[in-house]
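Reading through the structure tokens given below for one structure.
The values are calculated or read from the model by the stated rules, or taken from the named source; none is laboratory data. Quick caveat: nothing in here was measured; it's all calculated off a predicted structure. For neighbour counting, all protein chains shown are included, and Cβ atoms are generated from backbone atoms with ideal geometry for every residue, glycine included.
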Amino acid sequence: MIDPGGEESRPRDDAATLRHDLVNKLYFVLAKFPGVATKNDHYLALSYAVRDRLLHRWVASARAILEEKRRTVIYLSAEYLIGPQLGANLLTLGLYKAARTAVDAVGLSLDELIEHEEEPGLGNGGLGRLAACYMDSLATLDLPAVGHGLRYEFGIFDQDIRDGWQVERTDRWLRKGNPWEVRRYEIELPVGFGGHIEHIKDEHGQLRVRWTPERIVKGVPYDVPVAGYGTDTTNFLRLWSAVADEEFNLDAFQVGEYWRAVDAKIRSENLTKVLYPNDSSPAGKQLRLEQQYFFVSCALQDCIRLLTSRAAIREFADTFAIQLNDTHPALAVAELMRLFVDVHGLGWDEAWDQVRRSMAYTNHTLLPEALETWPLPLMARLLPRHVEIIYEINRRFLDEVRTRFPDDEARLRRMSLIGEDGDKTVRMAHLATVASHHINGVAALHSRLLRETVMRDFAELWPERFMNVTNGVTPRRFVALANPRLSELITEAIGEGWIRELDRLRELEKFAGDVAFQEKWRAVKRANKAELATWLRQQHGLVFDPNALFDAQCKRIHEYKRQHLNLLHAIALWDRIRRGEQTADVPRTIVFSGKAAPAYRTAKLIIRLAHGVAEAIAEDVRARDQLRVVFIPDFNVKTAQRIYPAADLSEQISTAGMEASGTGNMKFTLNGALTIGTLDGANVEIREAVGAEHFFLFGMTAEEVTERKRAGYRPYTVLDQDPELKRAIDLISSGAFSPGDRGLFAPLVDNLVHHDPFLVLADFRAYADCQRQVDTAWRSQAAWTRSSILNTARAGKFSSDRSIAEYAKTIWRVTPTKPR
Ligand code: F58
């Protein structure tokens, strides 16, 4: 018999076999022949051929996990921004060259097929992309893992720009087929909502709780393989999709209520229709709560199903290490308790012990408006049993607090899982924290502030549970795949080991002062910029000068990230040029790219302002050769991969204390951009790693920000002391960037002048002066290039492999298992 994971059945990786397989897939999967096949057909055919190779490894990995019974990581995340898969899988499987030859041979272009893929935008930004990087690293480090999430039919919206405004378009990413997923038809898990609970005695006289949901939705999984680089380990993402429960609808059919049945079906299947496009402030919508519960319930039932097929329920915590990616999956705490106690008959204490030994929680934000809370009545209506469980967890928890801190009512109120200031809410961060053996922030500064501010009471109670794991990014996608020219140069200099062991980039340090190497390094950057310029012209009709200093700020648009600080500086530069004050030897192109949450008015106005400024400068013949502002539409993983390799300067200018970590900052650094930034998030560690003299630091510290606000910050007083800033603000108000509509930016300007909650004006002078240092540094290209090389060479720490190794050792206690 042929062993599906064995050597005999392993598809061969040479170009001829791949070509044969491609044509074969075209015939037998897509029912096409080369003469009539579309580009999409060819893309799908090649992808299916590549998928065969992934699946072959996957079988071997799955077997290794089952046989060795090692602890498996269960990553729970509402978002995975995995990016386009074809190129990444070709790289990981070592098939890039063979695929190019195979595709050439049938008269097509591999680059075009790769470009053709529409990426799954199953995330908003950093948090979702981090989950994808972590899946890559888990496989690369041979750590058994399953990532559970949601298979949104529509991912994050596509961003169009019309007349300078963001316009959202639905992301119909599945419309041309998705060759990277495998639906598991044999698995269907029921998830209940609403209804009522009864407290009954079972046949042994034990008190039991029976929950009779009002409606049931079925979860069906789609698996997406995630292959490790330089190893055979292949894990998978299991993305859950909601379908109607037929049995449930039968009732309605039998009494002839066809519409009621269809209605219920539509309602069920709406559950996984769309990703909530919010950044930083959670949307308090019922459907979102349903999504959160739906996927954690599916994930946990799935774990228990696998476990109990071979072991006892009491082995749960030894078998699974569950990681909560922020609080979106925090209902897992109550759901796991329900499954243990109500369904599997464990006692409360035993169940709680299992929960506490399996869960860990990562926090990604300190912004108070971003900490998730749910209205208690909503949760009680949707999940009555879970609310009961949460109350019981809270009762026991508050008893513990009372014992440690007697007579401290205020503390109890602050720490309770139920918020009682105004309407009652469930505080998801508190729920996640009480159930977790470890709670971590995502950069050293963030983890410290977490302990000192929002989680202070908890850190006082359980100091040993609080940790830091600084974020990281995968060098496979963000260097090897995105920047082939740089990768080749690096590999030529130090060998290819860096792709798996990023610390080895340090070996580049010895070339930092080497004139010939510097010249090659600059040539790579220049070629990447030229390529971006061509693409921008062809795709968007945008002008981008590859000889200018390419200054980039690419991330979600948010006031705390301060794209408007960058814009004020752009306006000041323009003003200087118009006043004849600016020397013309450092031409700059300031690039913005990023989406605004559709309901976030100020963020949308910032996008509009970027376009207004871009246009005014482009129309000014005296200025436009020295300065350009460009907004690249629809920032996503695909566009990101074009931008990072080309950037010279990375803007990481958030108000100190507000950006938990940032991960774009790491991607820019690894690709040799120098950073201008505040002491915020992981910037602090980037600066430490690359050396202060290779990083442009400015602005208030987190402590200074707090102090300035405490002392009573009056932004308009800053204007009186800074005529350049005053002129920039006045230019906006004068209609210079909104011809014919002077009031357009009034909400933005008024807010800055009178409130300025993110201290944009307070940091402006430091920022503008620091940008002068950037100009000065740029004038000496040899020194700049040396800094650029050193930035890359010293950024090895920011590999997600390092982050995952830390999670594995200190939080999950898992060890590598290699497939045989
Ligand atoms: C981001 N959070 C942080 N949230 O802002 C960033 O500093 C950090 O580097 C990154 O996480 C990874 O740790 C983030 O992306 C979201 O997108 C949420 C999506 C759901 C609604 C609330 C925001």
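List of remarks:
- Extreme residue, surrounded by the fewest Cβ atoms within 10 Å (Cβ to Cβ), among residues of the stretch 150-208 that are of a type in the set (Val, Ile, Thr) and under 21 Å from residue 131 (Cα atoms): 182
- Some residue of the stretch 438-445 being modelled with pLDDT of 95 or more, within 15 Å of the ligand (Cβ to nearest atom) and in a helix (DSSP H, G or I): yes
- Against the test of being farther than 30 Å from residue 681 by Cβ, of a type in the set (Gly, Ala, Ser) and crowded, with 22+ Cβ neighbours inside 10 Å, the options 105, 64, 132, 99 yield a single qualifying residue, 99.
- Members of the stretch 486-497 that are free of Cβ contacts under 8 Å to residues at least 24 places away in the same chain and either assigned to a helix (DSSP H, G or I) or within 18 Å of residue 669 (Cβ to Cβ) (or both): 487, 488, 491, 492, 494, 496, 497
- Each residue in the stretch 78-102 was checked for being closer than 21 Å to residue 531 by Cβ and touching a Lys or Arg at 6+ places or on another chain (Cβ under 8 Å), and 4 pass.
- Of the residues making up the stretch 605-654, those that are more than 19 Å from the chain's Cα centre (by Cα) and charged (D, E, K, R) are 608, 615, 619, 620, 622, 624, 625, 628, 648.
- Residue in the stretch 283-306 that is farther than 21 Å from residue 455 by Cβ, among the hydrophobic types (A, V, I, L, M, F, W, C), free of Cβ contacts under 8 Å to residues at least 60 places away in the same chain and within 16 Å of the ligand (Cβ to nearest atom) present: yes
- One residue from 318, 279 being surrounded by fewer than 19 Cβ atoms within 10 Å (Cβ to Cβ) and either modelled with pLDDT of 95 or more or on the phi < 0 side of the Ramachandran plot (or both): 318
- Contacts under 8 angstrom Cβ, first residue in the stretch 320-341 being more than 14 Å from residue 383 (Cβ to Cβ) and assigned to a strand (DSSP E or B), partner charged (D, E, K, R) and away from the ligand (no atom under 13 Å from the Cβ), 6 or more apart: 320/71; 321/71; 321/813
- Boolean, residue 604 is surrounded by fewer than 22 Cβ atoms within 10 Å (Cβ to Cβ) and touching a residue at least 24 places away in the same chain (Cβ under 8 Å): yes
- One residue alone among 376, 307 is within 22 Å of residue 149 (Cα to Cα), among the aliphatic types (A, V, I, L, M) and surrounded by 18 or more Cβ atoms within 10 Å (Cβ to Cβ), and that residue is 307.
- Here residue 212 does not fit the description of being at pLDDT 95 or above, within 17 Å of residue 153 (Cβ to Cβ) and among the polar types (S, T, N, Q).
- Of all residues in the stretch 694-708, exactly one satisfies the criterion of being more than 30 Å from the chain's Cα centre (by Cα) and touching a residue at least 24 places away in the same chain (Cβ under 8 Å), namely 708.
- Of the helices (runs of 4 or more DSSP H) lying entirely inside the stretch 702-815, the ones with 2 or more residues being closer than 30 Å to residue 130 by Cα and touching a helix residue (DSSP H, G or I) at 6+ places or on another chain (Cβ under 9 Å) are found at 702-710, 760-779, 781-793, 800-806.
- Only a single criterion out of (1) over 30 Å from residue 664 (Cβ atoms); (2) of a type outside the set (Phe, Trp, Tyr); (3) surrounded by fewer than 21 Cβ atoms within 10 Å (Cβ to Cβ); (4) modelled with pLDDT of 95 or more is not satisfied by residue 421, namely (4).
- Residue that is nearest to the ligand (Cβ to nearest atom) [pool: residues in the stretch 359-377 that are part of a loop (DSSP other than H, G, I, E, B) and farther than 15 Å from residue 431 by Cα]: 364
- Residue satisfying condition, being at pLDDT 95 or above and over 29 Å from the mean Cα position of the chain (by Cα), within set 288, 310, 381, 357: 381
- None of 630, 637 is in contact with a Leu (Cβ under 8 Å, 6 or more places away or on another chain), away from the ligand (no atom under 16 Å from the Cβ), over 22 Å from residue 506 (Cβ atoms) and touching a residue at least 24 places away in the same chain (Cβ under 8 Å) except 630.
- Residue 10 being touching a Pro at 6+ places or on another chain (Cβ under 7 Å) and either surrounded by 17 or more Cβ atoms within 10 Å (Cβ to Cβ) or at pLDDT below 95 (or both): no
- Of the candidates 621, 629, 684, the single residue that is out of contact with any Cys (no Cβ under 9 Å at 6 or more places or on another chain), in a helix (DSSP H, G or I) and of a type in the set (A, V, I, L, M) is 684.
- When the stretch 640-683 is filtered for residues that are closer than 29 Å to residue 116 by Cβ, more than 12 Å from the ligand (Cβ to nearest atom) and among the charged types (D, E, K, R), only 642 remains.
- Of all residues in the stretch 459-474, none are within 26 Å of the chain's Cα centre (by Cα), over 30 Å from residue 414 (Cβ atoms) and without any contact (Cβ under 8 Å) to a residue 60 or more places away in the chain.
- Within the stretch 376-395, residues that are farther than 15 Å from residue 435 by Cβ have Cβ atoms under 9 Å from residues that are among the acidic types (Asp, Glu) and in a helix (DSSP H, G or I) in these pairs: 380/388; 382/290; 383/335; 385/342, counting only partners at least 6 apart in sequence or on another chain.
- Test: residue in the stretch 503-512 that is touching a strand residue (DSSP E or B) at 6+ places or on another chain (Cβ under 7 Å), touching a residue at least 24 places away in the same chain (Cβ under 8 Å) and assigned to a helix (DSSP H, G or I): no
- Summed over the stretch 1-33, residues that are closer than 14 Å to residue 107 by Cβ and touching a helix residue (DSSP H, G or I) at 6+ places or on another chain (Cβ under 7 Å) total 4.
- If you go through the stretch 446-485 and keep only what is part of a strand (DSSP E or B) and more than 30 Å from residue 497 (Cβ to Cβ), you end up with just 466.
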